[in-house]
């Protein structure tokens, strides 16, 4: 692609192939801030609704676990004692952390799709290149990430300061409250503060998700030249396909020359085109094209027909009509039945040296040497 093409404005929506290649190259729609905010929100909600139960279970487990003198005195191995006492604690931790571990996967699957490609695990020298590292550290993307981090710190600090300032009278009043009541109020205030801060982070995460979606959509857009190039790669160049189709037709025509020995008549143009025909009286179907060709192939058909004694008739309009409307091994065009019947009747019944009869070719099936339709009466 030329520089001019590569500088074209990208206005076209991406194709399926473009999106697939982007995924293979690791260009996946993702938002780390959105995933982190959802994880923090899930953890806060877990603390808020079942945190007390988890805390009490862990506290009871450790109380029992610290008293291991009795089992050891009975000769039970230390490993078995610790496994029995702290196994439940491990289960509690797994129950609490499993949803948090699955949350980023679920968020990514819903937001940008979950994709895993082995190519992303392959070694790339650019990842350890000092110059590439400096480019990433001081590049535009790094500045954007730095700005986002500063914005998050300012937002969270402002929201936290505002909320704690509004709760200052209650915080001061906790000093005069009973210990258990003060601890419960402190825990509730902590969870409420955490929930508000995480809510602010979630808003920033959604904002980042929108920005990432916009940037990803812009990166995936294609120029008109890229659309054309991809179409050529997937469908093939029209010029190449036409050339291949022509070669295939020529090969089929050359192979059909051997069928001339079964023909009853060969109609020529006189040298440019040649078509060999046969009519099966027993079958009673329409005449079929046994062989056809142009130029060198037409000359081969004519020479073989003359060598075998097959009648060769020069009827240019009919030869071109048969050549451009029929396929080898197929029946002739239905509009040519009358013209071909006239020719076959002449071949089977006319005396040697008789003049050719007048053959009428329909106006819509009259072609010139290039296959273009001719005007009526031409």
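Rule-based calculations on the coordinates, nothing more; no lab input. For clarity, every value in this text was computed on a predicted model and none was experimentally measured. Neighbour counts run over all protein chains shown; Cβ positions are idealised from the backbone, glycine included.
Quick notes
- Approximate spin-label separation residue 27-residue 228, in nm, with each point projected 7 Å along Cα-to-Cβ: 2.1 nm
- Note on the range 241-365: the alpha carbon radius of gyration divided by the globular reference 2.2 N^0.38 Å gives 1.00.
- Annotation: extensible slack from residue 188 through residue 217 equals 6.2 nm (criterion: 0.36 nm per residue apart, minus Cα-Cα distance).
- Modelled spin-label separation between residue 56 and residue 356, with each label point placed 7 Å from Cα along the Cα-to-Cβ direction: 10.9 nm.
- Going from the fewest other Cβ atoms within 10 Å to the most, the residues 226, 9, 331, 282 appear in the order 282, 9, 331, 226.
- Potential lengthening of the chain between residue 280 and residue 203 amounts to 19.4 nm, from the contour at 0.36 nm per residue minus the alpha-carbon distance.
- Residue order, fewest to most beta carbons within 10 Å, for 221, 277: 221, 277
- The slack in the chain from residue 91 to residue 10, taken as 0.36 nm per residue of separation less the alpha-carbon distance, amounts to 23.8 nm.
- Counting every other Cβ atom within 10 Å of each residue's Cβ, 223, 166 order from fewest to most as 166, 223.
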